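All remarks here apply to the structure that follows.
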Amino acid sequence: MRNLAVSLFVSLGFVGLSACSDSGPWSPSDPAKFDRGMFHEDKISTLSADDQAYVMGHAIGVYLMGKTLPEQVADHGYYYRPGKSSPHAEIYYEWEGVMRARSGGSDGNGGMIFDDVGIDTGPSPENPNNDPFDPGTGDTPDGTPPPDGDDCGIILHDCEGFLDPAASRASDMAALVDATKFAPADLSGAELDRFADIFEDALEESIAQATYGEWDGHSEVAWEKDAAKAAGRCID
């Protein structure tokens, strides 16, 4: 793994999980319209073109999981916080640090996780305040959860039962993402093609599913499985 440090600036503050802002986090939903503006330019532009392509491609895959996984788990009180895989990606980065847009939470739009933490609420001048806490599950059940799938317990015995459907939907959405919309403005021709290839490979890598024989060492699916098991939300 290349351990390339992406500079992150973290603002200390209190994260309120019970109150929602009027406008909520900025959370685009149409993959065909995704573009470079979803990222903090000052964080991304310090990287080489190849590393920009990898980090943004991987991060967009994680973002898409944030759109699809909440509908599988939020009814059980499990609020998904995207980004478990980013420290384990081929290029180390922190998902919440590089992205302006937010997903996950209770509704796929970052609700209950990213409300009222001073993040962007739209494509306006950047707000530098990022969430001060390490990525987590958004859920801290007490003791051993009961096996009936109630609000503080197991969702399904098999973790893939809720992770794989979300990853499959994320993969379908990924096919609509135009990698060239994330490239530096000065790239063209073969350089732009190379950027798009790296971006698309990283995106696929971030939502890979071991169920289908795909290598998942950098996959959000695999690292979220570990988090869900640790939170007592699934067993295998």
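Miscellaneous remarks
- Under 5 Å, built H, 5+ apart or other chain: amide partners of Tyr80: Gly105
- Three-way shape label, the range 63-104, alpha-carbon gyration tensor, a/c 1.5: prolate
- Remark: the Cα gyration tensor places the range 154-236 in the prolate category, a/c being 1.5 or greater and a/b exceeding b/c.
- Modelled FRET efficiency - R0 22 Å, Thr46 with Glu191, Cβ distances, 0.05 increments: 0.75
Every number here is computed from the coordinates shown, using simple stated rules; none is lab data. Keep in mind that what you see is a predicted model, and the values were worked out from it rather than measured. Every residue, glycine as well, gets a Cβ built from its backbone with ideal geometry; the counts of neighbours run over all protein chains shown.
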